[in-house]
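The values are calculated or read from the model by the stated rules, or taken from the named source; none is laboratory data. None of the values given here were measured: they were computed from a predicted structure. Note that we place each Cβ from the backbone using ideal geometry, even for glycine, and neighbour counts take in every protein chain shown.
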Amino acid sequence: MKNNMQLFDIHDDKISQRFAEARKATGLNMTKFANKAGLFQSQVSEIENGTRNITAEILLKIELAFGISWRYIARNEGEIYLGTYNLAKEPDAVYYNGIEEMKKELTLWKNRFLEVNDKYTALLESSTKTAQANNNDKRKTG
């Protein structure tokens, strides 16, 4: 999978398959599915073919349009359909819960990035100090 930032398990090569399975479960062809979700048919095709990564925005659009769980597509967790919401009666509940879940996920990724960045910065600073100390030692003895 290439293109776009991928927010979920990058080692999971089954996302395209689950995406295609979810689309087929709606009974719609790629064009109708894309139109209802606010996507382009080419995006749907490329995701299903594994040439485009799925983004949080696309997952949220699909969840809102069809009640298809983003966790199912991205992580293979739970069932395809949310099942706990009736989209006709509670569209705001799905939207709110989808947004909140994605916020939590993005916060986790942000924290992981910051943790790795802090470790890298500390390592870089330590290496720089060691190199400077070695240079100073060479100057004194040289």
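Some values worked out for this structure:
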item: Boolean, Lys138 is at pLDDT 75 or above and loosely packed, with under 10 Cβ neighbours inside 10 Å; result: yes
item: First in region 13-39 and assigned to a helix (DSSP H, G or I), second anywhere and surrounded by 14 or more Cβ atoms within 10 Å (Cβ to Cβ) and basic (Lys, Arg), Cβ under 8 Å, 6 or more apart; result: Met30/Arg23; Phe33/Arg23; Ala37/Lys61
item: When residues of region 52-73 are limited to those that are small (Gly, Ala, Ser) and assigned to a helix (DSSP H, G or I), the one farthest from Glu21 (Cα to Cα); result: Ala56
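Matching residues to (1) under 24 Å from Ala34 (Cβ atoms); (2) at pLDDT 80 or above:
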site: Gly83; (1), (2): yes, no
site: Ala88; (1), (2): yes, no
site: Tyr95; (1), (2): yes, no
site: Leu108; (1), (2): no, no
site: Asn111; (1), (2): no, no
site: Glu115; (1), (2): no, no
site: Asn134; (1), (2): no, yes
